[in-house]
Amino acid sequence: MPTLLQIALLLISAGLFAACAAAALLKDRGHSTNMVARGVWMCRGIAIALAILSLILHSADRGSFWPLEDNFDALVWLAVMLGIVVAYIQLRHPIGGLDLFAAPIVVLMLLAAAFFGSNLPRDYHLYSAWLTVHRVCSFGGVVMFAVAAATSTAWLISNDRLRRKQLAAARRVGSLEQLERVNYLMVTLGFAMLSVGLITGFGRLTAVPADERIQWLASPKITLAAVAWLVYALVLHAPINPVFRGKRVAQLSIGGFLLITGVVVAVQFNV
Amino acid sequence: MNHLRVLGLNHTTAPIDVRERLAFAPEHLMRLNSLVKDANPNAELIVLSTCNRVELYTAGTIIARDDLVNALSLLFDLSPQQFAPHLFEHHKQAAAAHLFRVASSLDSMIAGETQILGQVRDALARSVQLNSAGGVLAPLFQKALAAGKDVLSSTAISGGASGVAGAAVAYAKQVFDDFSSKHILSIGAGKMGLLVLAGFSRLAPGKLSVISRDIEKASRAAEPLGGTAYTMDDLQQQLIAADVVVSSTAARQPIVTRAMLERLMPRRRYRPLLVIDIAVPRDFEHAAGEIDGVFLYDLDDLQREVDRSVAGRHGAIDAATQIVERHLSDYFAWESQRAIGPTIDAIYARGNALAKDEFESFVDAHPELDAKSKDQLERAMKRLVNKLLHAPVAALKQAHHSHRPDSTPADPRDADKYLHAVQKLFQLDDDTPRAP
C-alpha cells in the first residue's frame, strides 16, 4: 500500500507535469518566453525527481527494490520513463508539440498510480528471468508507444494547420517529416519490445491450469495486446505499402496506443 | 564615458556605392589602427564593417573628427568630399545606445536579421587581437552583444518570413526536415520562380532541376544553382521525382490538374509534395491541394504569410526596444558606478587621512589620555568624517543614478559637473580618475 507521503509526492509531481503541459499550451498559442522554457525544464526535472523519490520510498516500505512488483510501482515507472524519454528527445531534437501531448499522458499515469495503484497489487505467479524480460519489455513498449501517440497527434495537428495555411501555428508543433521519423522510430522500438513481451508472456501459460488456458488466452489483456501488435505491424508496413503513409500511420499509432492503454488498465485490474 | 564616440555611415545615411568603397579588409583595419594609435597611443578603436555599415568606435582620448576622416580618405584613396557628407556621429550615451541598437538588429535594414550579432562579435575579437579594444570599448561591446542575444532569443523579431521566397522556404521547412535527400523542381525559368528557387538552393537540397519550354533557358537558370535542365516533355517524370515544386510559368491554363496529380501519387509512393505556385494565372488546379499529402500554396497564401510576419515583427520590435533600453540602463548604471567609485574612495581616504593626522597631533599634545579615551576620540573623529562626507557623496551618487529609468530624469551632464566639482573641492590627487 502506498503511504500518504508517497501519494502526496506523486500528486505534486503530477501537478508539475501539468504545469509543463500548460506551458506547452501557452507556447502553442504563441505566448512563450525564455523564462517559460527554463521553467518547463525545471518543472520537468523536479517532477521526475519527486516521482523517483516516491518510488524509492515505496520500495523501501515494501522491503524490495526489485522494480515493477506492484501496480503503483508499475504506473510510476511508466510515467518516469516516459518523462525521461520525452526530456531526452527535447534535449537532442526538440519537437515543439511533444510536451503538449506527452505531458498529459504522464499526468494521467501518475494520477492513476496515486488513486488506483493500491487497489489491486499484482500477484505474479511466475518469478523468473523470463518474467523480468516480459515486464521490462512490455513496459518499455508502452513508453515508446506513448511517445509515438504524442508525436502522431502532433503530426495530425501540424498537417491540419498546414492545410489551413496557418504556418506560424504549424511551426510551433514541429515539421511533419521530423514527427513522422520520431513516430516510426518509437513504433519500431515499441513493436520489438512488445513482441518480446508477448512471447515471454506466454511463458505464463505454464502456470495456468490446463482447463483455464483458452479463457486466459481470450482475456481482455491478451486480446487487446494481440490486436495492438497487429495495428503496429500495419504501421511498420508503411515503407513497403505507402498507402499507409502520413495521416493513416498517425491515426493507427494513436489507435494502437489506445489499445495498449486498455492492456495497462486490464493489467491494473487483473482482467 | 571616457570620450566614447562613433563615427560612421550606414544604409540610412549613405548609398551603396559609397558604402562599398569603404568596405574594410583586414589590412585596412591594421593600417587604420596604426594610423590612429601612432597619433593617439591611449586611444581605443573598434571598426564595425558590414555590407550595410562602416562604423568607427573610439574611446580613451579625444581624436579629432578630421583626423579620422583623413585616415579613411588615405586608407581607401578617396577624397573626404566623397564620403564625409554621409557620416554620422554620436558621443557618449548616444554612441553606446547606437551600438546596442545595432547589435540587437534594430538598426539593421531588416530588423531581426541574426548576422549582425556575429559581425559585432568579430569586430570586437579583431580589435582585441590588435590590442585596440581597452577598458571602455571592450566591456561596452560585450554588454551590447549580451543585449543583442537577449533580443534575438526573447522576442519573435527574427522569426517569420521576410519575402515571398522566405515564406515558401518557411512552408517547406514545416513539411520537410532534411533537405539533403530532397528534390526541388522549378517549372518555368522566370525571374520570380528563380528567386524562390535560389532561396531553396540555400537549403542544400539533394537535387535541383528546372523545367522550361526552352531547354537553353532552363539550362541558363539551372547551371548557376548546380541544377539540371529539362523540357516540358519531362514534366510528369519530374513531378514523380520532386519533393518541392516551384511553379511560375506564363501558361494561361493550369498545367497540372488534380486528376493528373492523383494519378501520379501512387507512383510517387504517396510521398508528400509541397507545391509553391507563384504563377498568375495559377499553374496548379486549386483542387490539387485537396489531395492527401499535397500541400499547395499560391502567391496570395505566401503574401498573407509575409504580411502576418511583418505585423508580428512590429510587436516584436517594441519588445526588443524595451529589452535594449533595459540593458542600456544597466550599462549606464555600471559605467557610472565605475566612474564615481574611485572618486568616492578618494574622498573618504582624504577625509580619514586628515582625521588621522589631527588625531595623532592631539594625542601627542595630550599624553595624559588613557587608551579608552583615545579609542573614543578616534571613533568620534571617524563618525564626524562619515557624517560630513555623507551629503556630498549621496549627491554624487544621485546625480549618476539619475540615468536609470527608475529615477528622476536629469541632464547627464550634471553628473559630470558634480564629479568635477567634487574632485576640485576635495582637491583629490591626480591618480583619481577625472570627470570626462
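One table, with the values for the structure above:
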item: Selection from the range B:290-308 of residues that are over 17 Å from B:Gly199 (Cα atoms) and either part of a strand (DSSP E or B) or more than 9 Å from chain A (Cβ to nearest Cβ) (or both); result: B:Ile291, B:Val294, B:Phe295, B:Leu296, B:Asp300, B:Asp307
item: Enumeration of residues in the range A:36-75 that are of a type in the set (Lys, Arg) and either touching a Leu at 6+ places or on another chain (Cβ under 7 Å) or surrounded by fewer than 22 Cβ atoms within 10 Å (Cβ to Cβ) (or both); result: A:Arg38, A:Arg62
item: Pick from the range B:117-154, criterion closer than 20 Å to B:Glu325 by Cα and in contact with a strand residue (DSSP E or B) (Cβ under 9 Å, 6 or more places away or on another chain), ranking: nearest to the other protein chains (Cβ to nearest Cβ); result: B:Val120
item: Members of the range A:205-222 found to be touching a helix residue (DSSP H, G or I) at 6+ places or on another chain (Cβ under 8 Å) and either polar (S, T, N, Q) or over 27 Å from A:Ile254 (Cβ atoms) (or both), listed by number; result: A:Leu205, A:Val208, A:Arg213, A:Trp216, A:Ser219
item: Condition check for B:Ile157: at negative phi, in a loop (DSSP other than H, G, I, E, B) and within 14 Å of chain A (Cβ to nearest Cβ); result: yes
item: Among the residues listed as A:Val182, A:Val173, the single one being part of a loop (DSSP other than H, G, I, E, B) and within 29 Å of B:Asp292 (Cα to Cα); result: A:Val173
item: Matching residues in the range A:21-40 - criterion: being under 22 Å from the mean Cα position of the chain (by Cα) and of a type in the set (Gly, Ala, Ser); result: A:Ala21, A:Ala22, A:Ala23, A:Ala24
item: Every residue from the range A:225-271 that is within 14 Å of chain B (Cβ to nearest Cβ), of a type in the set (Gly, Ala, Ser) and in a helix (DSSP H, G or I); result: A:Ala250
item: Selection within the range B:49-77 - polar (S, T, N, Q) and part of a strand (DSSP E or B); result: B:Ser49, B:Thr58
item: Members of the range B:276-286 found to be within 13 Å of chain A (Cβ to nearest Cβ) and surrounded by fewer than 16 Cβ atoms within 10 Å (Cβ to Cβ), listed by number; result: B:His286
item: Long-range neighbours under 6 Å by Cβ, at least six apart or interchain, first residue β-branched (Val, Ile, Thr) within the range B:10-37, second surrounded by fewer than 18 Cβ atoms within 10 Å (Cβ to Cβ); result: B:Thr13/B:His86; B:Thr13/B:Phe88; B:Val18/B:His86
item: Residue among B:Leu130, B:Leu75, B:Leu117 that is in contact with a Gly (Cβ under 8 Å, 6 or more places away or on another chain), within 16 Å of B:Val47 (Cα to Cα) and at pLDDT below 95; result: B:Leu117
item: Every residue from the range A:153-169 that is charged (D, E, K, R) and either more than 7 Å from chain B (Cβ to nearest Cβ) or in contact with a Gly (Cβ under 8 Å, 6 or more places away or on another chain) (or both); result: A:Asp160, A:Arg161, A:Arg163, A:Arg164
item: Number of positions in the range B:188-217 that are touching a Phe, Trp or Tyr at 6+ places or on another chain (Cβ under 9 Å), of a type outside the set (Ser, Thr, Tyr) and over 26 Å from A:Ser158 (Cα atoms); result: 4
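Okay, residues lined up against (1) within 25 Å of A:Trp130 (Cβ to Cβ); (2) in the same structural domain as A:Gly140 (by TED's automatic domain parsing); (3) among the aliphatic types (A, V, I, L, M); (4) surrounded by fewer than 18 Cβ atoms within 10 Å (Cβ to Cβ):
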| residue | (1), (2), (3), (4) |
| --- | --- |
| A:Val187 | yes, yes, yes, no |
| A:Leu198 | yes, yes, yes, no |
| A:Ala207 | yes, yes, yes, yes |
| A:Ala250 | no, yes, yes, no |
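The values are calculated or read from the model by the stated rules, or taken from the named source; none is laboratory data. Keep in mind that what you see is a predicted model, and the values were worked out from it rather than measured. Here the Cβ is made from the backbone with ideal geometry for all residues, glycine too, and neighbour counts use every protein chain on show.
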